[in-house]
Structures are given as structure tokens and as C-alpha cells.
1. Putting +1 on Lys and Arg Cβ atoms and -1 on Asp and Glu Cβ atoms, find which of Asn92, Ala38, Ser157 reaches farthest to the positive end of the dipole of the chain.
2. Quick one: Cα centre-to-centre distance for segment 86-123 and segment 27-43, in angstrom?
3. Among the chymotrypsin sites (Phe, Trp or Tyr not before Pro) in segment 1-105, which ones are in a DSSP loop with at most 13 other Cβ atoms within 10 Å of the Cβ? Mind listing them?
4. As a test of the formula, what do you get for the chain when each DSSP H run with n ≥ 4 contributes -39,500 (n - 2.57) and the sum is divided by the residue count, at 222 nm and rounded to the nearest 500 deg cm²/dmol?
5. Nothing charged except the Cβ atoms of Lys and Arg (+1) and of Asp and Glu (-1): what's the magnitude of the dipole of segment 3-136 about its Cα centre? Round to the nearest 20 debye.
6. For the chain, set up a GNM with springs between Cα atoms under 10 Å and report which of Ala110, Ala154, Ala95 has the largest fluctuation.
7. Binning every alpha carbon pair distance of segment 86-128 at 5 Å from zero, what are the percents per bin?
8. Where in the chain are the DSSP H helices whose alpha-carbon span along the long axis reaches 27 Å or more and whose Kyte-Doolittle mean is at least -1.0?
Amino acid sequence: MSRSTTAREALIAELIGDIGDLLERVGSLTTRVESLTAEVQSLPKTLDKARKEMRDAASLLDSRLEPFRHHLAAEMEKTKHVAIKAFIGQTNYVAAQEHVKQSQAMTAAARTILDKELEPRVRQFSQTLQRLVDEADRPWEAWLIHAATITCSALCSGWLVLHLLGR
């Protein structure tokens, strides 16, 4: 055989090998296309099944949503009551603190006013009362003055009687 025949035969053999590979690929592609076609054909059934399951899930969710809403509303109400109680407690605490501060400020202002305005007058009044008490504690002085007056009056009367009748 000649070289051109052998080269031709080699090319044909290689071409036949390549065609075999292509046929294998076409076969595998055909298998894949058939499986994809089967999947595409089953897709509407799968979508219908998925729709049904989604409807079931939505109805289940709806049935559980209302109790959840009631539970959430109850929890919100509890939280609101706790917050209100905390707010009232804090407000009462602040009010008590302010009451104490205002009482202390009013006490300090009253002391200042008493010290500035009333203390001198009270001290003067106290001294006057003390003087009256001291005078009241010595009743013998008043009796002594009365006795001196009586004695002086009697002496003057006796002297006058003796002086006028003694002539």
C-alpha cells in the first residue's frame, strides 16, 4: 500500500473515532434531554403540588396568626402596665425627693426670717417679761412701799394734829 492510502485510512479511522465520540455525546445529550423533558413535563405537577403546599402553609399560618396577635396584644398590655408602674414609681420617688428639698429650703428660709425679723423683737419682749417677772417675784417691795406710805402719812397726820391742836 501506498502512503496516501495509509494516511487516508488513518484519517478515516480517526474520523470514525471522532464520529463515535460525537455519537456517544449525542446519546448522553439525548438521555439528558429526555430526563429534562420528563422533568419539564412533571414541572406543572410539581408546581401544583408546591402551590397546594403553600396554600396549606398560608392557611396554617393564618390559623396561628390570630392567637399570636392576641398573645402579642396581651404581652404589650402587660409591658404597658409595667412601664406605667415604673413611671409612676419613678415619678413618686422624684416627687418625694423634691418635697424633701423644698421642705429643707422652706425650713432654712423660715429660720433666716426668724433670725432676722423676730429674734430682736422676741429678745426685747423676753427682757420686758423678765423684768415683770422679777418685779412679781418681789412682792415684799410693794408691801414695803405701802408700809412706808402709811408710816409717812401717819407721821404727817399726827404732826399736823399736834401742831394745830397743840396751840
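What follows is calculated from the coordinates using simple rules that are stated; it is not laboratory data. Everything numeric in this text was worked out from a predicted model, so none of it was measured. Heads up, the Cβs are rebuilt from the backbone with ideal geometry, glycines too, and the neighbour counts pull from every protein chain shown.
1. Ser157
2. When both Cα centres are located, 94 Å separates them.
3. Nothing satisfies the criteria.
4. -35000 deg cm²/dmol
5. Roughly 540 debye, rounded to the nearest 20.
6. Ala154
7. With 5 Å bins starting at 0, P(r) equals 6, 21, 13, 14, 10, 10, 8, 7, 6, 4, 2, 1.
8. TM-like helix candidates: 3-113, 139-165.
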